[in-house]
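What follows is a short report on a single structure.
The values are calculated or read from the model by the stated rules, or taken from the named source; none is laboratory data. Small disclaimer: the values here were computed from a predicted structure and weren't measured. Positions of Cβ are backbone-derived with ideal geometry, glycine not excepted, and every protein chain shown enters the neighbour counts. Protein only, heavy atoms only, side chains kept; ligands, DNA and RNA dropped before computing areas. Shrake-Rupley method; radii C 1.70, N 1.55, O 1.52, S 1.80 Å.
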Amino acid sequence: MARTNRRAPARGKRTAPRGTAASSGSSAPKRRFFDYPRSGYEGLHRWLPSWRFSVGTILAVGFLGAGAMVAAYASTTIPDPADDTRAQTTTVYYANNADGSQGSVMGTFAAQKRTLVEYATLPEYVGQAVAAAEDKTFFTNSSGISITGMGRALINNLRGGPTQGGSTLTQQYVERYYVAETTTDYVGKFRETLLAMKIAREETKPEIMERYLNTIYFGRDSYGIQAASQSYFAKDAKDLTVAEAALLAGIIPSPNNWDPAKAPDKAEARWNIVLDSMEEEGWLTAADRATLTFPPTVEYKRQDSMGGPVGFLLEMVRDELKLEPLALTDDEIYRKGLSIVTTIQEPLQSAAVAHVDAFRAGTLPEQDGAVPDPITRISLSSVDPRDGAIVALYGGADFLTDQTNTVTFDNVQPGSTFKPFTLIAGLEQGVSLDTRFDGKTPQTFGDWKVNNFPGGKFGSIDLVEATAQSVNTVYAQLNLQVSPEKTAEVAARAGVPEPVDTNRSNVLGTESLQPIDMVGAYATIASGGIRVDPYIVRTVINSDDSVAFQHKDPTERVFAPDVIADATFAMTQVVEEGSGKQWIKPLDRPIAGKTGTTQENKAAWFIGFTPNIVTEVSFSQLGEGNAQVTISPIGRTENITGGSWPAFLWQSYMKDVFAQPQYAPVLDFPARANVGGKPTPSATVPTETVAPTEEPTQEAPTEVAVPGGLEGKLEGDATAAVVNAGLSASVVVEPSDTVTSGRVIRVEPRSGTLLPAGGSVTLVVSSGPKPVPTQEPEPTPAPTPTPTP
């Protein structure tokens, strides 16, 4: 019997039931497009894909993944660098030294403490040390990534081990320079990987290393190799040694924890690892390695540059940089890496701070232990009248404690320091210094009662004595004669911010002003009549060493030289014979100035000047609601006046100023010019008989200043003022909708202009509004009021 071979059915494959014949003529079932679960199989095998399907799927996913990678790489663009990576420290310097060398650093403005340096300026071993510490393959790795490193880190992280990074130096650079934040998710890491690959092909190794070195954080608040070099070794990065470069490279992974000052053992261990790697890579010979010792670092003290008195100066610098023409924003100030040279002379600034501090402690010579109340506010500032440079300024003890600058913020009544503006107004109108007024006290002018300082009893005195003794009743009469508006206009021309108070008592300094305004206005007087505005920023240099700003010296003349010469002469008598004599005269050099004391002794001043420096000192005190209150007694002095402790502090500080080489020479003021010639008759001269005073014969002036304050005056009064000044007047009439008929609209040329004696001044006088059909009759000019003696 023949053997019949039977093939066993495949395992799990379904067979036809027994007893059922497969008809050869019957058609096979139609195959499904997607045969899943698999037909012809039973159990688990129905759900397992065939090997063909598995291989196909893997290949398809592989091709799709590769395509996605190619597409992702192609679509990856290199973004702009993160803002912080380009932020550089702006450095503020004191004024240049007398020998022209750069002054020392006053402070900095920085979003991050960073100074960018070029890689080419650094020793080669700086970059090699960083590569040895962070990525030894950096200089040879063309892809910018490490597949093995990333794989090792991934496996470790999936196993739950401590988080590891497999980043190359290029990947770290991408994260810090372009992303500017630590990436922890895998999607973000993938994007960084693509970006690193692209950058590795588009940027050179030196470019990458330079930006990395300028970006990385090294601890001690220092970003970039230059800032780190200064913080750790007090030197520039270009001067780093191999040992120092290796130390900085070694602490990059954890700079705050591995700082040699905190963890010397860990820092040295890292230092050795870096040097060993450099030797392995052939960047350092064994012989050189053997000679290296662990380098010492400098002590690092974290400081807030705004702390102490210097904070007030830096705040002023920042405020001035925001003004035209620079108009910088805070963001630009803190990120542009500017070099700012100020006007502050460090020796004078140190003297100002030292003297105010010593005065508060009661330790100045001749102070006899008298100590001011801690709440007494003191301002002290010095300005160069040649250009307005602020050379020293004390605005407070600590900016972080109290940010209100006593010089630029406090509003203080100037008292009698305002009188020189009225004196200048009178001189411009031809009122000579020899003009005599009644100095008795009290005097009443209409409803205005004026008293002199207690004990100030005077008869008929001239303006020199009235200035020296600060006689209120005389200056009240002068102010009414020249007009309060004229006093205000003179003060504004000198530099007092407008609008200036025009009430009749403005001569007595009733309007609160900031000390910086008064020292600036006095600087205009000290300059000889050139308008001077205080400033603190002299030069601004960009990070590329180009000049962004250079202060220009003032050139606008606002007062005639002869007017200022006479005003200055009167102010020198304050020191020689008057209220400033006790403390200021012993300095034994020509000094002009003015004391000032307000009612109830709420403020006290002394502002004094030589031809090359102006200094103000003011005392004031605030009570509840920041209202000015009487200054507390100091020592045995119950009533604080300008001639007492303010003058004392002024002279104490100025002794140190005059010891400086640039201020040591004794300079003379211009001679008295005798503006106005013979005494000008005053409307307020007392009616009682006064013994005549013989006047020396005066030479007629060759040049005369056009009087000021003529605008708004009646035609007759303005003409008389011009003639009294030694000039001739011509009148031109024109309509005006704003100036009353019969009053002066404008003067040509302007007030203060020097003309030859007898020269012509044109007064443009209003004829009233332009004629219209419904015009009312012209108003009758009101007579000029005559002040009551």
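Structure notes:
- Test: residue in the stretch 772-789 that is at pLDDT 70 or above and either more than 30 Å from S432 (Cβ to Cβ) or assigned to a loop (DSSP other than H, G, I, E, B) (or both): no
- The requirement of being at pLDDT 70 or above and open to solvent by 10 Å² or more (accessible area, probe 1.4 Å) is not satisfied by D185.
Each row is one residue, and each column tells you yes or no for (1) in contact (Cβ under 8 Å) with a residue 24 or more places away in the chain; (2) among the aromatic types (F, W, Y); (3) closer than 23 Å to T168 by Cα.
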| site | (1), (2), (3) |
| --- | --- |
| E210 | yes, no, yes |
| Y217 | yes, yes, yes |
| A227 | yes, no, no |
| S231 | yes, no, no |
| A237 | yes, no, no |
| L240 | yes, no, no |
| A245 | yes, no, yes |
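- Number of the condition not met by A526 [criteria: (1) under 20 Å from the mean Cα position of the chain (by Cα); (2) within 18 Å of V391 (Cβ to Cβ); (3) in contact (Cβ under 8 Å) with a residue 24 or more places away in the chain]: (1)
- Only one of the numbered conditions (1) of a type in the set (G, A, S); (2) more than 24 Å from M654 (Cα to Cα); (3) open to solvent by 10 Å² or more (accessible area, probe 1.4 Å) is not met by A425, and that is (3).
- Counted as qualifying within the stretch 570-682 are the strands (runs of 3 or more DSSP E) with 2 or more residues that are under 14 Å from L380 (Cα atoms), namely 603-610, 613-621.
- When residues of the stretch 299-333 are limited to those that are surrounded by 13 or more Cβ atoms within 10 Å (Cβ to Cβ) and in contact with a Lys or Arg (Cβ under 9 Å, 6 or more places away or on another chain), the one modelled with the lowest pLDDT: Y300
- Checked against (1) in contact with a helix residue (DSSP H, G or I) (Cβ under 9 Å, 6 or more places away or on another chain); (2) modelled with pLDDT under 95, Y394 passes all but condition (2).
- Residue within the stretch 627-637 that is open to solvent by 10 Å² or more (accessible area, probe 1.4 Å), within 30 Å of the chain's Cα centre (by Cα) and not basic (K, R) present: yes
- Selection within the stretch 357-390 - over 23 Å from the mean Cα position of the chain (by Cα), among the β-branched types (V, I, T) and buried (at least 17 other Cβ atoms within 10 Å of the Cβ): T376
- When residues of the stretch 364-397 are limited to those that are touching a Phe, Trp or Tyr at 6+ places or on another chain (Cβ under 9 Å) and among the charged types (D, E, K, R), the one farthest from G596 (Cα to Cα): D387
- Residue that is surrounded by the fewest Cβ atoms within 10 Å (Cβ to Cβ), among those in the stretch 582-626 that are aliphatic (A, V, I, L, M) and within 29 Å of P661 (Cα to Cα): L587
- Annotation note: of V490, V496, V464, the sole residue that is open to solvent by less than 10 Å² (accessible area, probe 1.4 Å) and part of a helix (DSSP H, G or I) is V490.
- Test: residue in the stretch 284-298 that is open to solvent by less than 80 Å² (accessible area, probe 1.4 Å), within 42 Å of the chain's Cα centre (by Cα), of a type in the set (G, A, S) and farther than 30 Å from F409 by Cα: no
- Residue within the stretch 674-696 that is modelled with pLDDT of 85 or more and either of a type in the set (S, T, Y) or within 29 Å of D410 (Cα to Cα) (or both) present: no
Per-residue answers, yes or no, for (1) free of Cβ contacts under 8 Å to residues at least 60 places away in the same chain; (2) in a helix (DSSP H, G or I); (3) farther than 30 Å from P661 by Cβ; (4) of a type in the set (F, W, Y):
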{"residue": "S277", "(1), (2), (3), (4)": "no, yes, yes, no"}
{"residue": "A287", "(1), (2), (3), (4)": "yes, yes, yes, no"}
{"residue": "F294", "(1), (2), (3), (4)": "yes, no, yes, yes"}
{"residue": "D304", "(1), (2), (3), (4)": "no, no, yes, no"}
{"residue": "R318", "(1), (2), (3), (4)": "no, yes, yes, no"}
{"residue": "E332", "(1), (2), (3), (4)": "yes, yes, yes, no"}
{"residue": "V341", "(1), (2), (3), (4)": "no, no, no, no"}
{"residue": "H355", "(1), (2), (3), (4)": "no, yes, no, no"}
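- In the stretch 111-126, the qualifying residues are those that are of a type in the set (A, V, I, L, M, F, W, C) and within 25 Å of the chain's Cα centre (by Cα), and the one that is farthest from T215 (Cα to Cα) is A111.
- Just one of the numbered conditions (1) in contact with a strand residue (DSSP E or B) (Cβ under 7 Å, 6 or more places away or on another chain); (2) open to solvent by 10 Å² or more (accessible area, probe 1.4 Å) is not true of K419: (2).
- Only residues that are assigned to a helix (DSSP H, G or I), open to solvent by 80 Å² or more (accessible area, probe 1.4 Å) and either more than 20 Å from K136 (Cα to Cα) or in contact with a Lys or Arg (Cβ under 7 Å, 6 or more places away or on another chain) (or both) were counted in the stretch 260-275, giving 2.
- The residue of the stretch 440-461 that is least open to solvent (accessible area, probe 1.4 Å), among those that are polar (S, T, N, Q) and more than 17 Å from A604 (Cα to Cα), is Q443.
- Residue within the stretch 610-631 that is in contact with a Lys or Arg (Cβ under 6 Å, 6 or more places away or on another chain), modelled with pLDDT of 95 or more and under 19 Å from G396 (Cα atoms) present: yes
- Residue check, R750 open to solvent by 50 Å² or more (accessible area, probe 1.4 Å), at pLDDT 70 or above and in contact with a Phe, Trp or Tyr (Cβ under 8 Å, 6 or more places away or on another chain): no
- Of all residues making up the stretch 210-230, the number that are surrounded by 23 or more Cβ atoms within 10 Å (Cβ to Cβ) and outside any loop (DSSP other than H, G, I, E, B): 11
Residue by residue, here is whether (1) in contact with a helix residue (DSSP H, G or I) (Cβ under 6 Å, 6 or more places away or on another chain); (2) farther than 25 Å from S751 by Cβ; (3) free of Cβ contacts under 8 Å to residues at least 24 places away in the same chain; (4) among the charged types (D, E, K, R) holds:
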| site | (1), (2), (3), (4) |
| --- | --- |
| D544 | no, yes, yes, yes |
| V563 | yes, no, no, no |
| K585 | yes, yes, yes, yes |
| P611 | no, no, no, no |
| V614 | yes, no, no, no |
| A627 | no, yes, yes, no |
